[in-house]
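See below for the structure under consideration.
Just so it is clear, none of the values below were taken in a lab; they were calculated from the coordinates. Bear in mind that the values here come from a model prediction, so they are computed numbers and not experimental data. Neighbour counts are summed over all protein chains in view; Cβ atoms, including those assigned to glycine, are modelled from backbone coordinates with ideal geometry.
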Amino acid sequence: MELPLIVGVDGSDASLAALDWAVDEAGRRGLPVRLVYASLWERYEGATLGGDVGRPGERVYAENVVGTAAHRAQLRRPDVPLTTSVLPEEPSSALLHASEQAAAVVTGSRGRGALAGTLLGSVGLTVAARAQCPVIVVRGDKEGVAGTHGRILLGVGDPEHSSQAIEFAFREATVRDCVLDAVRAWRCPAHEYADVPASAGEAEREHRRRATELLDEALSDTASAHPDVRVRRDTIEGPARTTLLRRTAAADLVIIGARHRHTHFGLQLGRVGHALLHHAQCPVAVIPQTT
């Protein structure tokens with residue numbers, strides 16, 4: 001049986017956007033969807049009921065949220081198998097546990113309790129940084145979330161940290177029948193030609209050549225296995241986070257790899273991951289390199 005897409009729902013607008021994105025993705029990939037609502041309601045259920053007569057308890061609220069979300073999902077994609085869970089756990093912990101048996105976890109950019117000024121809720125950031133499976137944070141403008149650009153953006157880093165992200169990107173481009181933009185950023189340290197300014201052009205050409213070589217090497221095997229995917233390769237001078245952020249304006253999904261660390265801190269997202277999760281103009285997929 002196929003592992004499900006796990007969707008964190010909490011009744012917020014952001015979680016509804018994540019739900020819509022997830023059921024569309026499940027339909028493309030032939031996957032089931034599992035809706036998860038998690039809250040430590042037992043800690044304050046009594047206080048809520050006693051302090052406000054007529055206000056439903058958190059458990060009732062949770063069931064209403066999940067029921068409404070399930071109805072929305074079934075109306076949108078009746079062909080997608082759907083299950084629901086209401087869990088008495090802290091939300092990020094529940095989603096992390098669920099990620100151990102999931103094709104991917106999908107979350108909104110901000111939850112019901114997020115502060116108005118935050119760019120990404122703590123649940124989304126924690127899950128993206130520590131999950132054992134791909135995590136997609138649904139954020140960005142209407143065009144990017146709706147998938148109208150017909151373009152997937154892949155940030156290609158070091159080969160040892162990118163192979164599973166590359167495979168994920170090619171699968172996405174295949175099921176969406178869209179262009180895959182594979183980008184590798186490079187920089188030429190100033191100290192390499194500080195003493196001999198005339199050598200600047202030669203140093204830049206060498207760094208560009210090396211970046212192109214690494215990009216081709218990283219994509220080679222997966223591209224051969226997916227000959228129908230239209231790949232546009234590009235190497236760009238500058239910080240990777242700036243390059244990728246700028247290009248998310250014309251993408252339906254940006255995909256990056258994350259290094260796996262064998263500690264309780266989980267994945268190491270780095271500056272690029274944090275920048276995209278907070279500022280990208282389209283959904284962000286963080287793919288753990290687990291091998």
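Brief remarks follow.
- Working from label points 7 Å from Cα in the Cα-to-Cβ sense, the R28 to R259 distance is 3.0 nm.
- Span from the the stretch 204-258 Cα centroid across to the the stretch 15-37 one, whole angstrom: 27
- Amide hydrogen proximity for W186: with H placed 1.01 Å from N in the peptide plane, the residues at 5 or more positions away or on another chain lying under 5 Å are I236, E237, G238.
- Table column - 3J(HN,Hα) (Hz), the stretch 90-99, Karplus curve with 6.51, -1.76, 1.60, x for Gly and Pro: 5, x, 5, 5, 4, 5, 5, 5, 5, 5
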